Amino acid sequence: IRRQTPNNNKKRSKDNEEFGGWNPYADLDARLSRRSCQKKNLYVSFRDLGWQDWIIAPDGYAASYCNGECSFPLNAHMNASNHAIVQTLVHLMNPYRVPKPCCAPIKLSSISVLYFDDNSNVILKKYRNMVVKSCGCH
Amino acid sequence: FYYDNGVDQTVVHKHLNKREKKEMQSEILHLLGLEHRPRPVLMLPSKKKLEVDDGLSSAPRFLIDVYQSLTEEDSGELKLTPDLIEREFNVSDSDVHSMDEADIIMSFVNRGQHLHGIRHHHSFGRFWFDLSEVPAQTTVISAELRLYINLTMVQENMNTTEKADEEETEGKSQNFSITLYEIGLEDSLIYIDSMEIDSHQEGWVAVNVSVPLQKWLVKPEENFGLQLVCRLSTSGKQISAREVGLVGSHGNDKLQPFMVAFFRSSMPSTQKQLGQQLPVPPKELIDDEDFENDEVPKRSSR
């Protein structure tokens with residue numbers, strides 16, 4: 001933590017307002033309470049949407065999503081890309097201007113949906129990059 | 001609306017009200033690349049559709065087999081394991097290749113028997129398919145008309161046929177030739193393909209109809225359908241499709257003639273990567289000059 005000089009404080013508070021407050025390196029406890037980057041469940045249910053009369057299959061799909069922090073030290077995270085380490089260091093030097101690495105999917109897979117159109121013809125559509133298989137720090 | 005609450009439990013976040021549910025539906029429809037929620041006439045039986053054995057004709061059954069034959073590869077792509085579909089529908093290697101390559105596969109129910117205004121003798125041998133729902137920005141990889149030859153029908157017909165010339169019908173196997181035409185303007189017939197059928201042959205046969213399909217997608221007003229003409233190979237005498245053993249619109253649901261088409265999505269790759277549709281910024285944020293000479297096709301408003 002840099003030695004606090006008065007003008008630095010002023011600059012910090014200005015930055016603080018400018019960048020919406022929470023600095024992950026100042027309020028340490030807030031940082032620790034945030035979980036590290038990982039995959040979370042989210043199921044898109046065609047059944048709950050009431051689409052059973054026209055979608056033949058599937059009943060829905062586990063889209064999932066990525067959530068959590070990519071904070072220093074990165075080696076605590078699975079799947080951090082090499083560049084994420086550089087991004088973290090630059091962020092450390094300039095936390096209000098350079099973002100931390102982002103927690104995003106590193107592996108996505110496809111699904112196929114089978115459904116009737118208005119004329120009762122049948123359509124099978126393949127969708128790429130619809131399901132998160134794993135998340136990581138980019 | 002469920003989500004994971006951070007300690008690996010799935011909790012109800014909130015119950016959407018009617019308007020929010022409608023919004024959520026339209027967002028997911030858009031994600032699926034659909035402008036509206038289809039309202040098919042044919043309502044599916046409520047129980048698990050994939051196992052439903054009856055009530056589904058050959059067109060949906062073909063695609064259910066394809067759907068069940070798709071497996072996910074390590075790369076995240078979907079790959080076809082052809083055993084099931086080969087056994088059930090006798091598909092060729094080129095079909096399997098088209099299924100792997102296709103982003104969209106459509107099977108079309110035959111509407112030919114309901115068509116009026118086309119003065120062609122055999123009501124059976126006539127096929128017409130409704131192409132109005134083929135998704136825009138797609139290109140045809142291939143398409144085929146699939147017909148089922150039922151051996152028992154051939155034998156029944158041979159027994160009832162009067163023995164006009166014994167040697168033709170005596171035990172010896174007969175050969176038939178079936179020719180498929182595209183019905184053009186003023187009921188003209190445009191040759192597509194023909195094939196020889198042996199009277200001991202049973203199962204699905206396919207005729208390549210990629211060329212007429214591509215033409216109909218460009219000129220929907222010229223889609224007058226297809227006409228099948230059957231003949232005895234020896235004498236060239238014209239016979240009905242029933243005598244060849246071809247199952248028609250009044251036959252077994254599962255063996256009905258249908259068309260299947262394989263399409264590649266021709267959207268710019270980013271749109272394809274993003275699951276078919278890019279989010280479109282609201283109009284007020286778009287200043288026109290940005291989009292003046294933009295080669296990206298006109299986007300649908302959201």
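Within the range B:123-153, how many residues turn out to be free of Cβ contacts under 8 Å to residues at least 40 places away in the same chain and hydrophobic (A, V, I, L, M, F, W, C)?
Selection size over the range B:123-153: 1.
Just the residues that are away from every other protein chain (no Cβ under 12 Å) and of a type in the set (A, V, I, L, M, F, W, C), please, taken from the range B:68-107.
B:Leu84, B:Phe89, B:Val91, B:Val96
Checking A:Asn121 against (1) closer than 30 Å to B:Asp100 by Cβ; (2) more than 14 Å from chain B (Cβ to nearest Cβ); (3) more than 18 Å from the chain's Cα centre (by Cα): exactly one of these is not met. Which one?
Unmet for A:Asn121, out of (1) closer than 30 Å to B:Asp100 by Cβ; (2) more than 14 Å from chain B (Cβ to nearest Cβ); (3) more than 18 Å from the chain's Cα centre (by Cα): (2).
Hey, could you check the range B:52-100 for residues that are part of a loop (DSSP other than H, G, I, E, B) and within 20 Å of B:Ile149 (Cβ to Cβ) and say which is nearest to the chain's Cα centre (by Cα)?
B:Ser57
Considering A:Lys133, A:Lys125, A:Lys107, which residue is of a type in the set (D, E, K, R), assigned to a strand (DSSP E or B) and within 30 Å of B:Val41 (Cα to Cα)?
None of the others qualify; the one that does is A:Lys125.
Can you tell me which residue among A:Pro73, A:Pro58, A:Pro99, A:Pro105 is within 14 Å of chain B (Cβ to nearest Cβ) and either within 19 Å of the chain's Cα centre (by Cα) or buried (at least 20 other Cβ atoms within 10 Å of the Cβ) (or both)?
A:Pro105
Would you mind telling me which numbered condition in (1) touching a strand residue (DSSP E or B) at 6+ places or on another chain (Cβ under 9 Å); (2) at pLDDT 85 or above; (3) more than 9 Å from chain A (Cβ to nearest Cβ) B:His122 fails?
(2)
So which residues in the range B:190-212 are in contact (Cβ under 8 Å) with a residue 40 or more places away in the chain and assigned to a strand (DSSP E or B), if there are any at all?
Across the range B:190-212, the qualifying residues are B:Ile197, B:Gly203, B:Trp204, B:Val205, B:Ala206, B:Val207, B:Asn208.
Quick check: is even one residue across the range B:226-246 in contact (Cβ under 8 Å) with a residue 24 or more places away in the chain, closer than 21 Å to B:Asp187 by Cβ, under 19 Å from the mean Cα position of the chain (by Cα) and surrounded by fewer than 22 Cβ atoms within 10 Å (Cβ to Cβ)?
No: the range B:226-246 contains no residue that is in contact (Cβ under 8 Å) with a residue 24 or more places away in the chain, closer than 21 Å to B:Asp187 by Cβ, under 19 Å from the mean Cα position of the chain (by Cα) and surrounded by fewer than 22 Cβ atoms within 10 Å (Cβ to Cβ).
Matching residues to (1) crowded, with 16+ Cβ neighbours inside 10 Å; (2) at pLDDT below 90:
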residue: B:Glu170; (1), (2): no, yes
residue: B:Gln174; (1), (2): yes, yes
residue: B:Glu186; (1), (2): no, yes
residue: B:Met195; (1), (2): no, no
residue: B:Asp198; (1), (2): no, yes
residue: B:Gln201; (1), (2): yes, yes
residue: B:Asn208; (1), (2): no, no
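Report, by residue number, each residue of the range A:118-127 that is free of Cβ contacts under 8 Å to residues at least 40 places away in the same chain and buried (at least 19 other Cβ atoms within 10 Å of the Cβ).
Of everything in the range A:118-127, those that are free of Cβ contacts under 8 Å to residues at least 40 places away in the same chain and buried (at least 19 other Cβ atoms within 10 Å of the Cβ) turn out to be A:Ser120, A:Asn121, A:Ile123, A:Leu124, A:Lys125, A:Lys126, A:Tyr127.
Any chance the range A:98-116 includes a residue that's on the phi > 0 side of the Ramachandran plot, in contact with a Leu (Cβ under 8 Å, 6 or more places away or on another chain) and among the small types (Gly, Ala, Ser)?
No, that holds for no residue.
The values are calculated or read from the model by the stated rules, or taken from the named source; none is laboratory data. Please read these numbers as outputs of a predicted model, since none were measured by experiment. Counting neighbours? That spans all protein chains shown, and the Cβs are built from the backbone with ideal geometry, glycine included.
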